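The values are calculated or read from the model by the stated rules, or taken from the named source; none is laboratory data. Given the structure is predicted, the values throughout are model-derived calculations rather than measurements. Methodologically, a virtual Cβ is constructed for each residue, glycine included, from the backbone with ideal geometry; neighbour enumeration extends over all protein chains shown. Quick note on the areas: whole protein, heavy atoms, side chains included, nothing else; ligands and nucleic acids left out. Shrake-Rupley method; radii C 1.70, N 1.55, O 1.52, S 1.80 Å.
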Amino acid sequence: MPARPSASSKAALLEKLPLFAGLSPGERGRISRLMDEVEVPAGKVLATIGDIGREMFIIIDGHALVTTRRGHPVRLGPGDFFGEMSLIDGDPRSATVAASTPMVLLVLGYREFWQLLDESLPMVRKIMRALSRRLRQAERSSTA
Ligand code: CMP
């Protein structure tokens, strides 16, 4: 995955992402330094079910398809994130996630993920909300 060297543009990108809404420019600048920006082609597998997961991804541009063991595939797009579950509980990836179009992503490693959560309660809330939504959605699609 080629890294894009546009460090200053990363902070501007964060402004548009709901996950980082409400942060000051200074906080966004600091957070952007914790993340790498990468571009991947359509078809690239970003997480594989059963593998150890070491990073979380935030979608800047493009779409990905999440395929779980049960239930319908879920499409994710700009502003969505994935890969947080393995960082939280240390278990293997719960789903396979592949780029369905060319994508631009921010990648956050394990250590940086926890550093951010330690510092940002609004981010903790947003991740909790997403987990709860994913659980409800999984329940719905497994009983459908
Ligand atoms: P993780 O288990 O680390 O790796 C696969 C990721 O797919 C998972 O984290 C979530 O981010 C995402 N994922 C798993 N199940 C769902 C779902 N039902 N809806 C949306 N995303 C999901």
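Pull up region 107-144, narrow it to residues that are outside any helix (DSSP H, G or I) and under 19 Å from residue 65 (Cβ atoms), then point me to the one that is most open to solvent (accessible area, probe 1.4 Å).
Among those residues, the one meeting the criterion is 144.
Which pairs have Cβ atoms under 8 Å, sit 6 or more apart or on different chains, and link a residue in region 127-143 that is in contact (Cβ under 8 Å) with a residue 60 or more places away in the chain to one that is open to solvent by 100 Å² or more (accessible area, probe 1.4 Å) and more than 8 Å from the ligand (Cβ to nearest atom)?
138/70; 141/70; 141/72; 142/70
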